[in-house]
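Input: a single structure, listed below in structure tokens.
The values are calculated or read from the model by the stated rules, or taken from the named source; none is laboratory data. Just so it is clear, the model here is predicted, and its values are computed rather than measured. Here the Cβ positions follow ideal geometry from the backbone for every residue, glycine too, while neighbour counts run over all protein chains shown. Please note that ligands, DNA and RNA were not included when accessible areas were found on the heavy atoms of the full protein model with its side chains. Shrake-Rupley method; radii C 1.70, N 1.55, O 1.52, S 1.80 Å.
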Amino acid sequence: MTANPTAGNANRIYRFPTATLLLFIFLFPRAVPVPAQEFELLLKGGHVIDPKNHIDDRMDVAIAKGKITAIARDIPAGRAVKMIDVTGLYVTPGLIDLHTHVFVGTRDGFADGFSSVSPDDITLKAGITTVVDAGTSGWRNFPEFKRNMIDRSTTRILAFLNIAGLGMTGFPSEEDVNDMDARMTALVIGQYPGIIVGVKIGHYRGSEWTPFDRALEAGKIANVPLFVECHLPQLPLEGILERMRPGDIYTHSFCTAVDRTCLLDDQFRVRPYVWDALKKGIRFDLGHGGGMFHFSIAVPAFSQGFLPNSFGTDLHRFSMNSGMKNMLDIMSKYLNMGMTIEDIIFRATWNSAVTIKREDLGNLGEGAVADLAVLRIRTGNFGFVDAAGYKLEGDRRLEAELTIREGKVVWDQNGLAARALKDTVKH
Ligand SMILES: [Zn+2]
């Protein structure tokens, strides 16, 4: 005999007295079928800023199977397996950092990419879900980068491929024009569509244009943008900007006045040919790094209406503990300089996605990958430091409360997604 009343005869129907049924439900609540919750996660009550979809309002965001499934003013909590109350916080697409160095590899037993860092150590706690590596690898060692870091990180890693075959392995390989091969670079870019999103040129000390032109040629063949670092001391800025095509990216936009690559003249006015480049469609990334962001340039540029298209950090071992800190610190600098939070989020998300032609990222449209940041603006007395050691004082600082990558909580500063202790501790 069995205790199961329906076992052995599907046609027999047992009718329980109501009191017995209620007792059964009380004792075994999980045995009673309930309508399945259609969402895995619901962010409730936050202020959503999604510039691509023109959303700047209090909204609920529902997530299922790693995708955004609904955004509406009031989604009932009962429709989700888990609800997180994000009242008073900003809910944005996951931030995109366009300038990082995250190829930590080995070559012949020695560390390669000597100043690179593992992105997950830094990014997730700053609301960043996507980074672009700025040419730490070239066509020869990109497969190792892919294997070692890209395939193993929680952070989505994309890359600009260095025109130097071995990427940033220092002198002399970065100066070797013979190993700057446009065709091979374009070929490898073609093997990783959407992952390699551009070509990088930088760190070349010679005065001839050959490396620059080869990088440009690779970009043309592969139909991807060129990412230009200003470590090209012999090449004039005006000529660089003239050669660049609409959609190409110039980084380290606010380096010092004494640097001949500075975008401002000695009267701290944005140079006319820089305005022309902007009109032509060149995109200017911030590229803070350890020594490449100066308030003495950024503040006058800001007051003239010259703004970075993106807030690339130039993350590496020597910048992460300097005035740069992380991308939220850079965004906070602009918040305190007077940029609106909506404009900051636009540049840190959708505008960055457009720059790298990854319009599937940087937005919260229905069906988009559920990469999100939940941010808080803290108020108080704060200081923000530039590469020259100058401090901007401010009263607001952005912090990441939650970071969500493909629908999973990967950073939770204050346990918003965690269970309350009182629910688990037996008294
Ligand atoms: Zn860099």
Next on the checklist: If I ask for residues that are modelled with pLDDT of 90 or more and either over 21 Å from MET180 (Cα atoms) or not in a helix (DSSP H, G or I) (or both), which ones from region 209-235 would you list?
Outcome noted: TRP209, ASN223, VAL224, PRO225, LEU226, PHE227, VAL228
Item to check | Cβ pairs under 6 Å, 6+ apart, first in region 223-237 and within 15 Å of the ligand (Cβ to nearest atom), second β-branched (Val, Ile, Thr) and in a loop (DSSP other than H, G, I, E, B) | outcome: GLU229/THR251; CYS230/THR261
Checklist entry - Does region 124-135 include one or more residues that are outside any strand (DSSP E or B) and open to solvent by 40 Å² or more (accessible area, probe 1.4 Å)? => result yes
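Please verify whether region 223-231 includes one or more residues that are open to solvent by 30 Å² or more (accessible area, probe 1.4 Å) and either of a type in the set (Val, Ile, Thr) or within 21 Å of SER137 (Cα to Cα) (or both).
Yes, region 223-231 contains a residue that is open to solvent by 30 Å² or more (accessible area, probe 1.4 Å) and either of a type in the set (Val, Ile, Thr) or within 21 Å of SER137 (Cα to Cα) (or both).
When you check ARG183 against the structure, is it open to solvent by 20 Å² or more (accessible area, probe 1.4 Å), touching a residue at least 12 places away in the same chain (Cβ under 8 Å) and over 27 Å from PHE311 (Cα atoms), yes or no? So that I can check it myself, show each step before the final result.
Working: open to solvent by 20 Å² or more (accessible area, probe 1.4 Å): yes; touching a residue at least 12 places away in the same chain (Cβ under 8 Å): yes; over 27 Å from PHE311 (Cα atoms): yes.
The answer is yes for ARG183.
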Checklist entry - Among the listed residues GLY194, GLY202, which satisfies the condition of being in contact (Cβ under 8 Å) with a residue 60 or more places away in the chain, surrounded by fewer than 21 Cβ atoms within 10 Å (Cβ to Cβ) and not aromatic (Phe, Trp, Tyr)? => result GLY194
Item to check | Where GLY290 falls short, out of the listed (1) within 26 Å of the chain's Cα centre (by Cα); (2) farther than 27 Å from ALA353 by Cβ | outcome: (2)
Next on the checklist: Suppose we keep only residues that are open to solvent by 60 Å² or more (accessible area, probe 1.4 Å) and at pLDDT 95 or above within region 238-254. Which one would you say is nearest to the ligand (Cβ to nearest atom)?
Outcome noted: ARG243
Checklist entry - Across region 38-68, what is the number of residues that are surrounded by fewer than 21 Cβ atoms within 10 Å (Cβ to Cβ) and either among the small types (Gly, Ala, Ser) or touching a residue at least 60 places away in the same chain (Cβ under 8 Å) (or both)? => result 10
Next on the checklist: I'd like to check something: does region 384-396 contain any residue that is basic (Lys, Arg) and under 15 Å from ILE345 (Cβ atoms)?
Outcome noted: yes
Item to check | Enumeration of residues in region 150-175 that are in contact with a strand residue (DSSP E or B) (Cβ under 7 Å, 6 or more places away or on another chain), assigned to a loop (DSSP other than H, G, I, E, B) and either open to solvent by less than 20 Å² (accessible area, probe 1.4 Å) or polar (S, T, N, Q) (or both) | outcome: THR154, THR155, ILE163, GLY165, GLY167, THR169
Item to check | Residue in region 271-287 that is farther than 20 Å from ALA134 by Cβ, more than 15 Å from the ligand (Cβ to nearest atom) and open to solvent by less than 10 Å² (accessible area, probe 1.4 Å) present | outcome: yes
Item to check | Residues that are under 28 Å from VAL374 (Cα atoms), within 16 Å of the ligand (Cβ to nearest atom), in a loop (DSSP other than H, G, I, E, B) and not charged (D, E, K, R), drawn from region 292-320 | outcome: PRO308, PHE311, GLY312, THR313, HIS316, PHE318, SER319, MET320
